[in-house]
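The values are calculated or read from the model by the stated rules, or taken from the named source; none is laboratory data. Worth saying up front: this structure is predicted, and the values here are computed from it rather than measured. Positions of Cβ are backbone-derived with ideal geometry, glycine not excepted, and every protein chain shown enters the neighbour counts. For the accessible areas, the whole protein counts, side chains as well, though only heavy atoms, and no ligand, DNA or RNA atoms are used. Shrake-Rupley method; radii C 1.70, N 1.55, O 1.52, S 1.80 Å.
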Amino acid sequence: MTNNSMKSGYKVFLDLQHRNVGNEGFISVDSVPFSEHHKIGVSLDGYPLFFVKCDNQSKSIDITLELISVLFSQECSIKERENEFKDLYTIVILKTVNRDLQQYFTDVFSIILQQLDTVPTEVSLNREIRKVIDLFSTINKPAVKSIQGLWAEMLVIEKSTNPEYLINAWHISPQDKYDFNDSIDKLEVKSTTKSKRIHKFSIEQLSTNPSSRLLIASTFVIETGSGKSILDLRDSITSRITDLKLHLRLNQMIYKTMGNEYEKLSDIFFDYNLASDALSFYNVNSIPSIHNNSIPSQISNVVFDCDLSNSPSVIDEDFDLGNSLLFQSLGI
């Protein structure tokens, strides 16, 4: 299933907002684009609703949380275009009118439904809904990275020749030493708003074990009134990917990274052309650094700014990518 189907689920929801609720208590719905069984609707409060057709062999316990409610095996009166009917559905409700969260919810839940059986069991649906709930729990947490840093990492994925491989190698935990790590080689992404290619490094970041190689990606990221947002880059990436699990992972990574700053995702734009043209990769061995043996043992957590303006890029050095799947994915 292509990303177009996923995106059109949100468009269906927006179109439904302009319709009136059906007569005699019937809720106006439309079919989810990839399924004749599941429906999308809008509540009287403007909340997005999913009506999911399940096999109803076992009754699950309803879920009621601040943002999400799930009502299993409900008899529903719905109206699709001119057709009114009653049937049993599991209703999944997002209780907010925030457009960013509504789009996130419809995007992610559409992906999840596409991965399930045509008519899933309540048990399997319940299991997947828990994943959505876990994702929404990150909304109230502080951002893991700045939006500038996240945008730069997504630019690297978007410009790559194998975005699938990079998404699987992507890390966002504050405890992670590098942004991309496939357990063999590493890639760290640096961005700057300065006029020179100056980035902040830690001693540990520039130190690798003998069996691994490390590249540093560097670019200029300048905020503009028009350009590309995080969501623009996401849509560009997912348009090239058919694996729905990777669609879901990409969305998870974005929202886990941004936490309570998710509302900025569609409102902040960066100069895409400048960042793309400036994107360069550097072998860690070609970057000026401070050797560990020159630092007294009593001193730790050494961080410094380094100007890469005069450092040769991997292209200048004719760097050998070898058999590295991570480096080959970069399209260098």
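State which residue is nearest to residue 220 (Cα to Cα) when the search covers only the stretch 146-174 and only residues that are touching a Leu at 6+ places or on another chain (Cβ under 9 Å) and polar (S, T, N, Q).
Here the residue is 160.
So is residue 189 within 19 Å of the chain's Cα centre (by Cα), part of a strand (DSSP E or B), surrounded by 14 or more Cβ atoms within 10 Å (Cβ to Cβ) and touching a residue at least 24 places away in the same chain (Cβ under 8 Å) or not?
Yes; evaluated as a whole, the condition is true for this residue.
Hey, any hits in the stretch 146-169 for a residue that's of a type outside the set (Gly, Ala, Ser), farther than 19 Å from residue 242 by Cα, in a loop (DSSP other than H, G, I, E, B) and free of Cβ contacts under 8 Å to residues at least 60 places away in the same chain?
No, there is no match, as no residue in the stretch 146-169 is of a type outside the set (Gly, Ala, Ser), farther than 19 Å from residue 242 by Cα, in a loop (DSSP other than H, G, I, E, B) and free of Cβ contacts under 8 Å to residues at least 60 places away in the same chain.
From 248, 321, 325, grab the single residue that is of a type in the set (A, V, I, L, M), open to solvent by 10 Å² or more (accessible area, probe 1.4 Å) and under 30 Å from residue 132 (Cβ atoms).
One residue alone meets the criteria, 248.
Do we find that residue 177 is closer than 16 Å to residue 220 by Cβ and open to solvent by 60 Å² or more (accessible area, probe 1.4 Å) in this structure? Quick ask: steps written out before the conclusion?
Details: closer than 16 Å to residue 220 by Cβ: no; open to solvent by 60 Å² or more (accessible area, probe 1.4 Å): yes.
When the stated conditions are applied, residue 177 does not pass them.
Tell me, please, whether a residue that is in a loop (DSSP other than H, G, I, E, B), β-branched (Val, Ile, Thr), under 30 Å from residue 13 (Cα atoms) and open to solvent by 30 Å² or more (accessible area, probe 1.4 Å) can be found in the stretch 120-142. Give the derivation first.
Kept after step one, since they are in a loop (DSSP other than H, G, I, E, B), are these residues of the stretch 120-142: 120-121, 141-142.
If we keep only those that are β-branched (Val, Ile, Thr) too, we end up with 121.
Checking which are under 30 Å from residue 13 (Cα atoms) leaves us with 121.
Now drop any that are not open to solvent by 30 Å² or more (accessible area, probe 1.4 Å), which leaves 121.
Yes, that holds for at least one residue.
Answer with yes or no whether residue 254 is open to solvent by less than 40 Å² (accessible area, probe 1.4 Å), closer than 21 Å to residue 169 by Cβ and either of a type outside the set (S, T, N, Q) or modelled with pLDDT under 90 (or both).
Yes, satisfied.
Does residue 188 satisfy the condition of being among the acidic types (Asp, Glu) and in contact with a strand residue (DSSP E or B) (Cβ under 8 Å, 6 or more places away or on another chain)?
Yes.
Quick one: in the stretch 193-212, which of the residues that are in contact with a helix residue (DSSP H, G or I) (Cβ under 9 Å, 6 or more places away or on another chain) and surrounded by 14 or more Cβ atoms within 10 Å (Cβ to Cβ) is farthest from residue 223 (Cα to Cα)?
208
Can you name the residue in the stretch 105-119 that is of a type in the set (A, V, I, L, M, F, W, C) and under 28 Å from residue 230 (Cα atoms) and is also surrounded by the fewest Cβ atoms within 10 Å (Cβ to Cβ) among such residues? Quick ask: steps written out before the conclusion?
Let us first name the residues in the stretch 105-119 that are of a type in the set (A, V, I, L, M, F, W, C), namely 105, 108-109, 111-113, 116, 119.
Among the residues that remain, those that are also under 28 Å from residue 230 (Cα atoms) are: 105, 108-109, 111-113, 116.
On the way: 105: 26, 108: 20, 109: 25, 111: 24, 112: 21, 113: 23, 116: 17.
Only one residue fits best here, namely 116.
Condition check: modelled with pLDDT of 95 or more, under 21 Å from residue 258 (Cα atoms), open to solvent by less than 50 Å² (accessible area, probe 1.4 Å) and charged (D, E, K, R). Does residue 153 satisfy that? Step through it out loud before you land on a result.
Numbers: modelled with pLDDT of 95 or more: yes; under 21 Å from residue 258 (Cα atoms): yes; open to solvent by less than 50 Å² (accessible area, probe 1.4 Å): yes; charged (D, E, K, R): yes.
So residue 153 passes the test.
Output the residues belonging to the stretch 119-149 that are hydrophobic (A, V, I, L, M, F, W, C) and touching a helix residue (DSSP H, G or I) at 6+ places or on another chain (Cβ under 9 Å).
Residues satisfying the conditions are 125, 129, 132, 135, 136, 139, 143, 144, 147.
Spot the failing condition for residue 284; the list is (1) free of Cβ contacts under 8 Å to residues at least 60 places away in the same chain; (2) open to solvent by less than 70 Å² (accessible area, probe 1.4 Å); (3) under 13 Å from residue 216 (Cβ atoms), and only one is missed.
(1)
Confirm whether residue 272 is more than 13 Å from residue 218 (Cβ to Cβ), at pLDDT 85 or above, open to solvent by less than 30 Å² (accessible area, probe 1.4 Å) and hydroxyl-bearing (Ser, Thr, Tyr).
Answer is no for this residue.
Quick one: how many residues across the stretch 107-145 are within 18 Å of residue 245 (Cα to Cα) and either among the acidic types (Asp, Glu) or touching a Lys or Arg at 6+ places or on another chain (Cβ under 9 Å) (or both)?
12
Among the residues of the stretch 66-90, what is the count of those that are modelled with pLDDT of 90 or more and under 30 Å from the mean Cα position of the chain (by Cα)?
7
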